[in-house]
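**Q** A single structure is presented below for examination.
A short reminder: the numbers here are calculations on the coordinates, not readings from a lab. Here the structure is a predicted model, which is why all the values come from computation and not from measurement. Every residue, glycine among them, receives a Cβ derived from its backbone with ideal geometry; neighbour counts consider all protein chains shown.
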Amino acid sequence: MRIAPARRTHVPALAALMAASPLLRRYGVTPPAARASLTKALRCKDTILVALDGVTPLGMAWIVMTRALDRSAYLRLLLVSQDRRSSGIGAALLADAERNARASGSRHKILLVTTTNRRARSFYVRQGYRYAGALPSFARPRIGEALYVKSWPKPGHRGS
């Protein structure tokens, strides 16, 4: 497996991966909507990393760089193919996304997790993220979100 920046040629396969996700279907993601979102993200210079087995996408990390919230990078989506979960792909994508965010000058990485997704919440805590609060019905009515954050020290500062 290798991780690379997504290209327009990856969009159809990544859109299919998104549309196949039971969680994303709950958010109303369809193949055409996913293709449109990914195409716009690439046009807007969002960072999309793709985990590839040869040419087959196994997962993706979608990061939005921002100066908001003290230069936070927002992890919009971390997704691994259903049949490849718990194989280290998500952790590898997340680590590359963090390196990319830090290299771009981000001081924090923030993300939202559906409150009922205990497996993902536990995963992010194991990766060093801390729970920052609940956002009921933030992204969609009747779906709760949990906000998580991971921070890095300012360049030149010692300590955590």
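**Q** Given the condition buried (at least 19 other Cβ atoms within 10 Å of the Cβ) and part of a loop (DSSP other than H, G, I, E, B), answer yes or no: does some residue in the stretch 48-59 qualify?
**A** no
**Q** Moving to a separate point now. Of the residues E145, E98, which is acidic (D, E) and part of a strand (DSSP E or B)?
**A** E145
**Q** Check H10 against each of (1) under 24 Å from L147 (Cβ atoms); (2) buried (at least 19 other Cβ atoms within 10 Å of the Cβ) and name the one condition it does not meet.
**A** Result: H10 passes all but (1).
**Q** Which of the residues spanning the stretch 67-96 are loosely packed, with under 15 Cβ neighbours inside 10 Å and in contact (Cβ under 8 Å) with a residue 40 or more places away in the chain?
**A** If the condition is that a residue be loosely packed, with under 15 Cβ neighbours inside 10 Å and in contact (Cβ under 8 Å) with a residue 40 or more places away in the chain, then L69, Q82 are the ones that fit.
**Q** Which condition from (1) part of a strand (DSSP E or B); (2) surrounded by fewer than 23 Cβ atoms within 10 Å (Cβ to Cβ); (3) among the basic types (K, R) is the one that R119 breaks?
**A** Only one criterion is unmet by R119, namely (1).
**Q** State yes or no: is V125 more than 21 Å from H10 (Cα to Cα) and assigned to a helix (DSSP H, G or I)?
**A** Values: more than 21 Å from H10 (Cα to Cα): yes; assigned to a helix (DSSP H, G or I): yes.
In short, yes.
**Q** Go through (1) surrounded by fewer than 17 Cβ atoms within 10 Å (Cβ to Cβ); (2) farther than 24 Å from A51 by Cβ; (3) in contact with a Leu (Cβ under 7 Å, 6 or more places away or on another chain) and name the single condition Q127 misses.
**A** (2)
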